[in-house]
Amino acid sequence: MKVRDFLLERYFARYEFSVRHLLSPSDCESLRAEELLEGSGPGISELWRDLRLTYTESRGHPLLREEIAAAAGVTPGDTLVLNPEEGIFLTMNALLDEKDHVIILSPCYQSLYEIPKSLGCEVTRWYLKKENGAWKLDLPFLQEAAKENTRLIVVNFPHNPTGFLPTENELSAVVDFASKKGIFLFSDEMYRGLEHDPEKRLPSVPSLYRRSAALGGLSKTYGLPGLRIGWITSKDGWLLDRVASLKDYTTICSSAPSEILAIAALRRRDELAARCRAIVQKNLPLAREFFTRRKDRFEWFEPEGGSTAFPKLLGPQSVRDFCERAVEEKSLMVLPDFVFDVDWNHFRIGVGRENFPEALEVLRDWIG
């Protein structure tokens, strides 16, 4: 298979560790390993002390799979531990064949549509609509886009980069449509738990529909991207078996230290998610005030979940030029929309880091 460059990851590789200020990270403020272990109780201390740096179980540590199942509303047998990006790659390879048709909610993380393209699939981008400063789900488009060979629908809620969150009725409409058509549903749930109003949290899709799979992980909601631990959950046993077999050609198994730290994290999942939500809720009003006060320069779209937002740059300047100048003149990284394969003059900001106010102040000083 041949894939083109991953635009977002290449952009971050170019600037993330060389600029002084990041305005656009998607993850939340990370913890030190010591902080995670200190608050995790004697059970974790024993696991950590007795840890041997050997191979781990391919499907994941049994205790880790128990914690994932409890968080996702499935059983441990419905879980498989892997790297989050690996989860996308392997699931798409397990499900799709050449000339299958895939419908993908967009804009989105590139691998969600690039992997199907590389497999020879026909890809339809299902774009969110913009109405009166808000993002909307275009359900009629989904219904009209489906074909006889539609094999897969891909969704992502809370949505990256927009922060859009559908209602439970809207999610049910997507699930019902997939069920009636016999279409598999892949749900990217990396930001699940970062809803700005926790009462609006949606159920994990595999708890609603057997022919589905969900991607989860520690990177976003829990602020632990360095562990590189994620998971696929599904009630489709054939799919999990196939993904497990394909995993033999990629990582084989996860890092033993990362798995123990992941167990510690998920045993404190409510606490860690609340910590990250608190950072978002502290930073989001600053972003809202900044962009809405400059209506001649920007259009603000209020996010409802996750740690990102996707405002629009107004006027004749291209967002690509705007972002390049931010790096050159202020050592400030802002993520332009072309990395999501759209040309809307939008850019992504990330509100999950403690230093967001400082990065925003740099932008404020720069544009005046």
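The values are calculated or read from the model by the stated rules, or taken from the named source; none is laboratory data. Fair warning: this is a prediction, and the values are worked out from it, not measured in the lab. As a convention, Cβ positions derive from the backbone with ideal geometry for all residues, glycine included, and neighbour counts pool all protein chains shown. These accessible areas exclude ligands, DNA and RNA; they are computed on the full protein's heavy atoms, side chains included. Shrake-Rupley method; radii C 1.70, N 1.55, O 1.52, S 1.80 Å.
Take every pair of alpha-carbon atoms less than 8 Å apart whose residues are at least six positions apart; their mean separation over the length of the range 172-236 yields a relative contact order of 31 percent. Remark: C-alpha extents of the range 14-87 on the principal axes read 42, 28, 26 Å, sorted largest to smallest.
In terms of the ratio Rg/(2.2 N^0.38 Å) built on C-alpha atoms, what value belongs to the range 138-231?
Details: Rg = 13.8 Å, N = 94, 2.2 N^0.38 = 12.4 Å.
That works out to 1.12 for the range 138-231.
A simple spin-label model places the labels of E57 and R242 2.4 nm from each other, with each point 7 Å out along Cα-to-Cβ. Both radii are taken from the alpha-carbon atoms of the chain; with Rh as the Kirkwood radius, Rg/Rh is 0.96. Structural descriptor for the range 30-176: relative contact order 17 percent, calculated from alpha carbon pairs under 8 angstrom and at least 6 residues apart.
Under the criterion of Cα pairs below 8 Å and six or more residues apart, the relative contact order for the chain equals 26 percent.
How large is the Kirkwood hydrodynamic radius of the range 25-130, in angstrom, based on all distinct alpha carbon pairs?
Values: mean 1/r = 0.0579 Å⁻¹.
Hydrodynamic radius (Kirkwood, Cα only) of the range 25-130 equals 17.3 Å.
Taking every DSSP helix (H) stretch of at least 4 residues in the chain, weighting each as -39,500 (n - 2.57) and dividing the sum by the residue count yields a mean residue ellipticity at 222 nm of -12000 deg cm²/dmol.
Name the longest site-free stretch of the chain, where the excluded sites are chymotrypsin sites (Phe, Trp or Tyr not before Pro) in a DSSP loop with no more than 11 other beta-carbon atoms within 10 Å. All intermediate terms of the calculation are to be shown ahead of the outcome.
Working: sites that count: F17, Y55, Y249.
That would be 56-248.
If you model the range 166-215 as an ellipsoid using its alpha carbon gyration tensor, with each semi-axis the square root of five times an eigenvalue, the axes come out at 20, 12, 7 Å, biggest first.
With all pairs of separate Cα atoms included, the range 227-360 yields a Kirkwood hydrodynamic radius of 18.1 Å.
When T79, T54 are compared by accessible area of protein heavy atoms, the largest-first order is T54, T79, using a 1.4 Å probe.
Taking only complete DSSP H runs, can you tell me which helices of the chain stretch 27 Å or more along their own long axis by Cα positions and average at least -1.0 on the Kyte-Doolittle scale?
Working: long enough: 269-292 (34 Å, -0.26).
What comes out of the filter, once short or polar helices are dropped, is 269-292.
Surface exposure of the chain, expressed per residue as accessible area with a 1.4 Å probe, stands at 43 Å². Return the long-range amide H neighbours of L218 (sequence gap of 5 or more, or a different chain), with a cut-off of under 5 Å between placed amide H atoms. Close amide H contacts, sequence-distant or interchain: I229.
Sparsely packed loop sites in the range 106-154 (the trypsin sites (Lys or Arg not before Pro) outside DSSP H, G, I, E and B with at most 14 other Cβ atoms within 10 Å) comprise K147. Each 5 Å bin from zero up to the one holding the largest Cα-Cα distance in the range 1-57 carries the following percent of pairs: 4, 12, 14, 13, 11, 11, 15, 15, 5, 1. One decimal place: the segment R297-W366 gains 23.6 nm when fully extended, by the rule 0.36 nm per residue minus the C-alpha distance.
Distance between the modelled labels on K180 and K147, one decimal in nanometres: 2.1 nm (7 Å Cα→Cβ projection). For the range 176-296, the calculated P(r) over all alpha carbon pairs, in 5 Å bins from 0 to the bin holding the longest distance, is 2, 10, 15, 17, 17, 15, 11, 8, 4, 2, 1 percent.
Straightening the chain between Y249 and A134 buys 37.1 nm, computed as 0.36 nm per residue apart minus the Cα-Cα spacing. Once the chain from E354 to D50 is taken as fully extended at 0.36 nm per residue, the excess over their C-alpha distance is 106.0 nm.
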